[in-house]
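Just below is one structure, and these are the notes that go with it.
Read-outs: derived from the displayed coordinates by stated rules, not from any lab. Nothing here was measured: the structure is a model prediction, and the numbers come from that model. Using ideal geometry, Cβ is built from the backbone for each residue, glycine included, and neighbour counts are taken over all protein chains shown.
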Ligand code: ADP
Ligand code: MG
């Protein structure tokens with residue numbers, strides 16, 4: 001019995017008769033589980049672009065918190081901020097004032113990536129290439145350059161050759177568009193993770209995004225795969241969230257992560273403290289879920305990877321890495337009951353029904369605990 005469980009037991013007495021206590025117990029059990037779990041290390045550098053042309057779906061939050069989840073375990077992680085807004089830089093505590101050396105200079109050839117890279121102050125094994133608002137001009141400026149779609153790819157390749165360490169994960173936080181900056185991001189990556197916000201228009205535009213990625217694969221980057229989708233801002237009390245999850249699962253059963261990220265107050269607060277939720281509120285529902293998603297990503301590897309060699313741009317048949325629209329295409333991802341999980345994918349019986357906190361837009365927050373909703377503030381919940 002962990003100390004935390006002991007404390008909860010003292011607070012709530014016999015947790016088997018206290019629903020809130022039982023749920024908190026399960027939450028803390030999930031934390032214990034994921035912290036104890038072994039994250040298998042990839043045998044090659046996984047370069048993952050987090051992309052969706054829609055803004056506000058959780059791209060940056062996902063890139064930052066997944067990167068943090070791996071860095072927390074000591075993995076060498078690099079985050080490339082390819083959004084002129086620079087939210088990933090902010091969210092990882094890397095200052096990025098206008099005019100400072102950034103990925104903008106790297107793309108336009110004024111600096112190498114080695115010159116622009118910074119070590120995050122939060123995790124010693126995490127590096128960040130920040131962006132600045134200057135990057136917003138790059139879309140037009142790089143249009144005239146030779147090899148304009150491969151600027152990031154070339155700069156990254158040169159850096160990785162020289163870098164004194166091997167990264168296990170590289171996350172590219174994409175801008176909310178389908179322009180040249182995103183094209184550069186997709187060309188530098190081998191995998192795409194698409195965050196999908198659990199909301200009414202969730203699937204709108206998804207077809208267009210996948211078509212674009214397919215064009216990139218066919219024309220520029222044959223080894224690119226859409227390897228993962230992750231449902232974000234999931235509110236387990238609403239049927240809409242479950243419907244969105246179910247719809248995505250029906251269309252893309254092989255690549256949808258079973259872990260869902262709850263809408264969580266701490267996740268949205270963390271950037272204003274220049275930290276990922278993982279470090280800002282390590283035991284909060286959102287942080288636990290992002291760690292569980294990271295574990296799932298580590299466990300499943302790149303499901304479309306044919307050779308496992310990790311070499312980029314291996315010639316492959318066109319289109320073979322694209323997600324199949326429904327049906328199991330045999331890419332080897334086990335599908336079980338199809339239920340979303342805000343628990344770890346390791347058959348932990350405590351996982352399936354963990355509490356998730358929710359925050360309404362008006363700032364009032366409450367937490368749903370299954371059928372017996374209890375109005376508890378996130379503060380109360382997360383002050384464990
Ligand atoms: P994108 O990068 O796709 O534009 P963000 O990651 O910036 O999206 O998220 C959009 C907004 O939603 C941000 O204010 C962020 O803090 C908030 N947010 C993202 N994920 C969650 C979550 N799981 N719970 C609560 N708020 C979230
Ligand atoms: Mg963003």
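Within the stretch 253-266, the set of residues being in contact with a strand residue (DSSP E or B) (Cβ under 6 Å, 6 or more places away or on another chain) and either within 20 Å of residue 294 (Cβ to Cβ) or within 16 Å of ligand 2 (Cβ to nearest atom) (or both) comprises 255, 256, 257, 258, 259, 260, 261, 262, 263, 264. If you go through the stretch 77-101 and keep only what is more than 13 Å from ligand 1 (Cβ to nearest atom), buried (at least 21 other Cβ atoms within 10 Å of the Cβ) and part of a loop (DSSP other than H, G, I, E, B), you end up with 94, 96. Only helices (runs of 4 or more DSSP H) whose full extent lies in the stretch 102-192 are considered here, and the ones with at least 3 residues that are within 16 Å of ligand 2 (Cβ to nearest atom) and touching a strand residue (DSSP E or B) at 6+ places or on another chain (Cβ under 9 Å) are 180-188.
Which of the residues that make up the stretch 56-76 are in a loop (DSSP other than H, G, I, E, B) and near ligand 2 (Cβ under 10 Å from one of its atoms)? Explain how you work it out, then say what you get.
Step one: filter the stretch 56-76 for residues in a loop (DSSP other than H, G, I, E, B), giving 56-58, 73-76.
Those that are in a loop (DSSP other than H, G, I, E, B) and near ligand 2 (Cβ under 10 Å from one of its atoms): 56, 57, 58.
Close Cβ contacts (under 6 Å, 6 or more residues apart or on different chains) running from residues in the stretch 62-77 that are within 14 Å of residue 129 (Cα to Cα) and touching a residue at least 60 places away in the same chain (Cβ under 8 Å) to residues that are within 11 Å of ligand 1 (Cβ to nearest atom) and assigned to a helix (DSSP H, G or I) comprise 63/88; 64/88; 64/91.
A single member of 277, 188 is surrounded by 24 or more Cβ atoms within 10 Å (Cβ to Cβ) and either farther than 21 Å from residue 291 by Cβ or without any contact (Cβ under 8 Å) to a residue 60 or more places away in the chain (or both), and it is 188. Selection of the stretch 43-68 for residues being within 19 Å of residue 216 (Cβ to Cβ), more than 13 Å from ligand 1 (Cβ to nearest atom) and more than 12 Å from the chain's Cα centre (by Cα) yields 46, 47. For the stretch 218-244, the tally of residues that are part of a helix (DSSP H, G or I) and surrounded by fewer than 23 Cβ atoms within 10 Å (Cβ to Cβ) stands at 6.
Do we have residue 145 as farther than 26 Å from residue 44 by Cβ, under 22 Å from the mean Cα position of the chain (by Cα) and surrounded by fewer than 22 Cβ atoms within 10 Å (Cβ to Cβ) here?
Details: farther than 26 Å from residue 44 by Cβ: yes; under 22 Å from the mean Cα position of the chain (by Cα): no; surrounded by fewer than 22 Cβ atoms within 10 Å (Cβ to Cβ): yes.
Answer is no for this residue.
Taken over the stretch 102-135, residues that are surrounded by fewer than 17 Cβ atoms within 10 Å (Cβ to Cβ) and under 25 Å from the mean Cα position of the chain (by Cα) amount to 5.
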